[in-house]
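The values are calculated or read from the model by the stated rules, or taken from the named source; none is laboratory data. Remember, it's a predicted structure, so these values are computed and weren't measured experimentally. Note that each Cβ is placed from the backbone with ideal geometry, even for glycine, and that neighbours are counted across all protein chains shown.
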Amino acid sequence: MTEWVFYIAGAAFVVAGSLALYRIARGPKLLDRMIASDMMLTTLLCAVGAEMVYNGHTRTLPVMLVLGATAFLGAVVVARHVSRSAHDDA
Amino acid sequence: MTLDDWLRSLPIDYAIVDGVLDLLTGVFVLVGAFLSLAAGIGLIRFPDAIARMHATTKPQIAGITFIIAGLVLQDRTWQTFWILFAVLFFQLLTAPISAHMVGRAGYRTGVMKRDRIFVDELRDAVEHAQDEAEEAAETGAIPIQVPSSDAARDTGAGEAEPKS
């Protein structure tokens, strides 16, 4: 009955992930790629949650927990690297 | 007593309550998905890294909150609720850290377009810190290898006063 809601949501997630992938491939600077990959991880987090709602299970809750707790590490490390080599072509 | 038991004890027909919560869940999931989509579009359309970061922070907090709210409404047990509470808590705790680091690196490396911002309160502070670091390096009070923006950042404004 309410399946079409999840089809629309799934399509939105796929489009968002594809746009993030485009920005990762295209992004003029390393920082743009990092922001895009961060956003892709967030999209994955949302998609995992929506899939649990759709299929009515809670088996991937630990995946959500670990992703949510460690997602920031990549961005922090890359940001440190970028500001260390500030005058290089980052 | 779980939330579901409480809902069953209400003087309303449980089927109606369940239907309303299903509807709310659908709306929440849809809103979360649209926020993700909006972030993707913003990532493509916005001109510089700082503006793109603004777009991507929407699903990072609001989107995940809506999805989690939908999940809690669908799976009404305390176990799920507390795990999802931890997910949201960590997300709220760590998203500002990465945003702060990426924003600072973006400001330093000049990936943002300066003619697109109206107020730049950080510029004066950075210049001040750089001047103080260079002054300290000239007087030789503090051994600073490279008096660049990096050294100024690590020393910080107000800490680079020459100690006699």
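Every residue in the stretch B:11-33 that is in contact with a Leu (Cβ under 6 Å, 6 or more places away or on another chain) and at pLDDT below 85, please. Result: B:Val17, single match.
Could you go through the stretch A:70-89 and let me know if any residue there is among the hydroxyl-bearing types (Ser, Thr, Tyr), facing chain B (nearest Cβ under 8 Å), farther than 23 Å from B:Phe89 by Cα and more than 15 Å from the chain's Cα centre (by Cα). Yes.
Applying the criterion of being hydroxyl-bearing (Ser, Thr, Tyr) and within 7 Å of chain A (Cβ to nearest Cβ) to the residues of the stretch B:59-96, the residue that is nearest to A:Ala71 (Cα to Cα) is B:Thr94. Here is a check on your reading of the model: is A:Leu19 more than 13 Å from B:Ala33 (Cβ to Cβ), hydrophobic (A, V, I, L, M, F, W, C) and within 9 Å of another protein chain (Cβ to nearest Cβ)? Judged against the criteria, A:Leu19 is a match. Filtering the stretch B:1-40 to residues that are polar (S, T, N, Q) and farther than 15 Å from A:Thr42 by Cβ leaves B:Thr2, B:Ser9, B:Thr25.
Across the stretch B:132-155, the qualifying residues are those that are exposed (fewer than 14 other Cβ atoms within 10 Å of the Cβ) and modelled with pLDDT of 70 or more, and the one among them that is farthest from B:Pro47 (Cα to Cα) is B:Thr139.
Going through (1) more than 30 Å from B:Asp75 (Cα to Cα); (2) at pLDDT below 90; (3) out of contact with any Leu (no Cβ under 6 Å at 6 or more places or on another chain) one by one, A:Ala90 falls short only on (3).
All conditions in (1) more than 8 Å from chain B (Cβ to nearest Cβ); (2) in contact (Cβ under 8 Å) with a residue 12 or more places away in the chain hold for A:Ala36, with the sole exception of (1).
Of the helices (runs of 4 or more DSSP H) lying entirely inside the stretch B:1-77, those carrying at least 1 residues that are touching a Pro at 6+ places or on another chain (Cβ under 8 Å) are B:14-45.
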